[in-house]
Amino acid sequence: MCGIVGYVGKKEASPVLIHGLSKLEYRGYDSAGVAIIEDNLLKVTKCKGRLANLEAKLNENPIHGAVGIGHTRWATHGEPSDLNSHPHSNEDETISVVHNGIIENYLQLREWLSAKGYKFMSETDTEVIPHLVDYYYKGNLEEAVMKAITKMEGSYAIGVVSTHEPGKLVAVRKDSPLIVGLGKDEFFIASDIPAILNYTRDIYLLNDKEFVVINEDGIKLLTEDGDEIKKDVFHVTWNADAAEKGGYEHFMIKEIHEQPKAIKDTMTSRIVLGKPIALDKITITKEQLANIDRVYIVACGTAYHAGIVGKYAIEKLARIPVEVDIASEFRYRNPIMNEKTLMIVVSQSGETADTLAALREAKKYGARVLAITNVVGSSVSREADDVLYTWAGPEIAVASTKAYTTQLIAMYILALYFADCKGTLSTDEIESIKAEMLKLPEKCEEVLKHKEVLQKFASKNFMHKDMFFLGRGLDYAVAMEGSLKLKEISYIHSEAYAAGELKHGTIALIEKGTVVIALATQEELFEKMLSNVKEVKTRGANVLAFAFEGNETVEKTVDSALYIPKTAEILAPVLSVVPLQLLAYYIAVQKGCDVDKPRNLAKSVTVE
Ligand code: F6R
């Protein structure tokens, strides 16, 4: 996710901005840049790649000035490139902007501004902002920014400097983080506290649509109507390390808590009630879809588990047969593929060697490849015919959490799009699933509140050597992901089983005290699932069950239960996986494991 810093003071801005950006590197980025006012001129240096590249450029051609803004970019609109990097400026280079977030109506704004003669250089959504500010500038920068934001839909934290008022920095936020640092005769803005901790521990926490205006006279906080606001100063007592994790102990738990936002972002502008599903730049047509007779979903690990949910969703909603394959197996089994095949590859990093190899194999046979990935400009995104991005933001913990839930959302979006194209669902049916999807972020927040049951269960059971995860239908798919989470971060052996299959052999392993996690969200299979749970209970298992609210009868059969808010059954995995992620996390913490960097694992597996 992008990082922003800004400085107004007496020091050279350049090293302050670079230091601040280096403290935001943990957020993930693919390019970086600064804009500094030097002798009333705007000097911008930016480039693709690591911060070290930017530093080298600045060492070669230093910029001297005490007012500036800096940015690390995590690409969403447009490839990582020098041109798409921030800051972005207006045509005569008098106004420069850094931005974190997504301007949802940027295409309309681009058209509107182009009709007024504004020229665009990049593919970014951000570039509309300096042009909007330019359009509204009538001698007062904050007034121009205030007018500009009335045109903007979406999320933003922005920092703006201008040669018209060279000592000034204006910043505002909505649904993206932004803090203000208060030093002695110097002020800062930043996406996160670590960026400024070297200089000050006193900060203002901005709320949505609150403005900060900094110049040589000091600092002002304003409402969107220009009225002055007073705010309490927040004194930071944490160290920089804790601050990077937003106060959470590990990146994994932070990322688990980021899921409501990640889910919401991934649906943004694609799922809108009363409007057809929008698939970004995906070009697959109704006619081409009618010609597709087979879909393969190919991926590894967690992404493979998202693929299994995708199979259920596409088959149920769009009635297209789907096979799901582990990427490392796929190409060695001589799969049947031709131009009537659609391959969906799923990869958070977009760099997984096995997944890339499968993609290339499919292309050799003339199959069309659609990628679901989280990284703009990754190898998978460049080599696939079509890309649907998950907008989870960078995932830093090795164990995948928010990438999985956003991959599920991407799968539902595709399934609904296919269903619409093929006419397998009525408009009302599609609208009702969309309405349920839009409620998922809020329901996910609800699930995140029920930690105590899981913490208690973890502290009683963390010493076990084996655990079982049982489910039927979609619950089985989620059970696989829950089991993988537990294995990889707590090193406890676990197996996910289709609950009805257990009695065909594996039930021999159940004895007094064996821990069984049972998922029971699928209404049609509920009674059958309860029978399977009874089978393990009577053999002495200690069962923790997850079911929808309203199904409290499950308590008669199990030892402990946790309820998740009711949603459409097909969407249940988005909610039911969250307690499984939390359970794995709490068990790993109890065991003292290195949660964010489990042994033997890497975040991106670039070898076959
Ligand atoms: C598990 C995990 C891995 C990845 C797998 C694929 O938590 O993170 O199983 O899901 O290595 O990685 P991507 O999605 O980057 O292709």
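All of the numbers you see were taken from the coordinates with simple rules; none came from a lab. Given the structure is predicted, the values throughout are model-derived calculations rather than measurements. No Cβ is skipped: glycine too gets one built from the backbone with ideal geometry, and neighbour counts run over all protein chains shown.
For the chain, give me the percentage of DSSP beta bridges that are antiparallel, rounded to the nearest 5 percent. List each step's numbers first, then the result.
On the way: 58 of 101 bridges.
Counting DSSP beta bridges with both partners in the chain, the antiparallel share is about 55 percent.
Once you have all Cα-Cα distances for the stretch 482-608, histogram them in 10 Å bins from zero and send the whole-percent values.
All Cα pairs, binned at 10 Å, distribute as 12, 38, 34, 14, 2 percent.
Above 15 Å lies some portion of the pair distances; for the stretch 222-287, what is it as a whole percent of all C-alpha pairs? Intermediate results must be reported in sequence, preceding the final value.
Working: 1597 of 2145 pairs.
Taking all Cα-Cα pairs of the stretch 222-287, the fraction more than 15 Å apart is 74 percent.
Spelling out what I want: for every residue of the stretch 566-579, take phi, set θ = phi - 60°, compute 6.51 cos²θ - 1.76 cosθ + 1.60 (Karplus), and round to whole Hz; glycine and proline get x.
Couplings: 5, 9, 4, 4, 4, 8, 3, x, 4, 8, 6, 6, 4, x Hz.
To the nearest 500 deg cm²/dmol, what mean residue ellipticity at 222 nm is calculated for the chain from DSSP H runs of n ≥ 4 alone, each contributing -39,500 (n - 2.57), summed and divided by the residues?
Values: 20 runs with 217 residues, N = 608.
-11000 deg cm²/dmol, from helical runs alone.
Counting every Cα pair in the chain, what percent are over 31 Å apart? Walk me through the numbers before you get to the answer.
Numbers: 98086 of 184528 pairs.
In whole percent, the share of Cα-Cα pairs in the chain beyond 31 Å is 53.
How many Å³ per residue does the convex hull of the Cα positions in the stretch 3-237 occupy? List each step's numbers first, then the result.
On the way: hull volume 25.5 nm³, N = 235.
Dividing the Cα hull volume of the stretch 3-237 by its residue count gives 108 Å³.
Given a cut-off of 30 Å, name the pairs among Lys48/Lys220; Lys363/Lys434; Lys465/Lys597 whose C-alpha atoms lie farther apart than that in the structure shown. Display every interim value, and only then the final one.
Working: Lys48/Lys220 34 Å; Lys363/Lys434 32 Å; Lys465/Lys597 21 Å.
Going by Cα-Cα distance, Lys48/Lys220; Lys363/Lys434 fall outside the 30 Å limit.
What percent of all Cα-Cα pairs in the stretch 114-259 falls in each 5 Å bin, counting up from 0?
The calculated distribution, bin by bin, is 2, 9, 17, 20, 18, 14, 11, 6, 3, 1, 0.
Any aspartates and glutamates with Cα under 16 Å of the Lys230 Cα? List them, leaving off those in the same chain fewer than 8 positions away.
Asp202, Asp208, Glu210
Label the stretch 282-439 by shape, choosing from rounded, prolate and oblate, from the square roots a ≥ b ≥ c of the eigenvalues of the Cα gyration tensor; if a/c is under 1.5 it is rounded, and otherwise prolate applies when a/b is larger than b/c, oblate when it is not. Mind dumping the intermediate values first?
Numbers: a/c = 1.76, a/b = 1.12, b/c = 1.56.
Here the stretch 282-439 falls in the oblate category.
Taking θ as phi - 60°, what are the ³J(HN,Hα) couplings along the stretch 383-389 by the Karplus curve (6.51, -1.76, 1.60), each to the nearest whole Hz, with x for Gly and Pro?
Whole-Hz 3J(HN,Hα) from phi for the stretch 383-389: 8, 6, 6, 9, 10, 10, 7.
Residue by residue through the stretch 5-22, what is 3J(HN,Hα) from phi via Karplus (6.51 cos²θ - 1.76 cosθ + 1.60, θ = phi - 60°)? Round to whole Hz and write x for glycine and proline.
Rounded to whole hertz, the list is 9, x, 9, 9, x, 10, 7, 5, 5, 3, x, 5, 5, 4, 4, x, 5, 5.
Straight-line reach from Lys456: which aspartates and glutamates fall under 16 Å, measuring Cα to Cα and dropping same-chain residues less than 8 apart?
Within the straight-line limit of under 16 Å, Lys456 reaches these aspartates and glutamates: Asp559.
Would you please give the residues with an amide H less than 5 Å from that of Ile344, counting only those at least 5 places away or on a separate chain, with H modeled from the backbone geometry?
Distant-sequence amide H within range of Ile344: Tyr296, Ile297, Val298, Leu370.
Would you list Glu224, Glu569 from fewest to most Cβ contacts within 10 Å?
Working: Glu224 15, Glu569 19.
The order, fewest Cβ neighbours first, is Glu224, Glu569.
Holding the Cα-Cα limit at 27 Å, pick out from Lys23/Lys209; Lys57/Lys168; Lys451/Lys591; Lys316/Lys340; Lys57/Lys402; Lys245/Lys591 the pairs that are longer than that.
On the way: Lys23/Lys209 25 Å; Lys57/Lys168 25 Å; Lys451/Lys591 18 Å; Lys316/Lys340 20 Å; Lys57/Lys402 35 Å; Lys245/Lys591 21 Å.
Checking Cα-Cα distances, Lys57/Lys402 exceed 27 Å.
For the stretch 452-591, what is the charge dipole size about the Cα centre, in debye to the nearest 20, if Lys and Arg each add +1 at the Cβ and Asp and Glu each add -1 at the Cβ?
Working: 15 positive and 17 negative charges, 100 e Å.
Roughly 480 debye for the stretch 452-591.
Compactness ratio of the stretch 398-539: Cα Rg over 2.2 N^0.38 Å, N = residue count? Walk me through the intermediate numbers first.
Numbers: Rg = 17.7 Å, N = 142, 2.2 N^0.38 = 14.5 Å.
Ratio of Cα Rg to 2.2 N^0.38 Å: 1.22.
Given Cβ point charges of +1 (Lys, Arg) and -1 (Asp, Glu) and nothing else, what value in debye, to the nearest 20, does the dipole of the chain about its Cα centre take? Write down the numbers at each step before the final one.
Working: 70 positive and 85 negative charges, 283 e Å.
It works out to roughly 1360 debye.
Name the lysines eligible as straight-distance cross-link partners of Lys534: C-alpha to C-alpha under 19 Å, and not fewer than 8 places from it in the same chain.
Lys503, Lys512, Lys556
Give me Leu205, Leu222 ranked fewest to most by other Cβ atoms within 10 Å of their Cβ, as a rough exposure proxy. Intermediate values should be presented prior to the final figure.
Details: Leu205 14, Leu222 18.
Going from least to most buried by this count: Leu205, Leu222.
For the stretch 412-458, what is the per residue volume of the convex hull drawn over the alpha-carbon atoms, in cubic angstrom?
Details: hull volume 4.2 nm³, N = 47.
Hull volume over Cα atoms, normalised by residue count, gives 89 Å³.
Along the charge dipole of the stretch 186-345, pointing to its positive end and built from +1/-1 on Cβ of Lys, Arg, Asp and Glu, which listed residue (Met337, Leu273, Tyr296) has its Cα farthest out?
So the residue we want is Met337.
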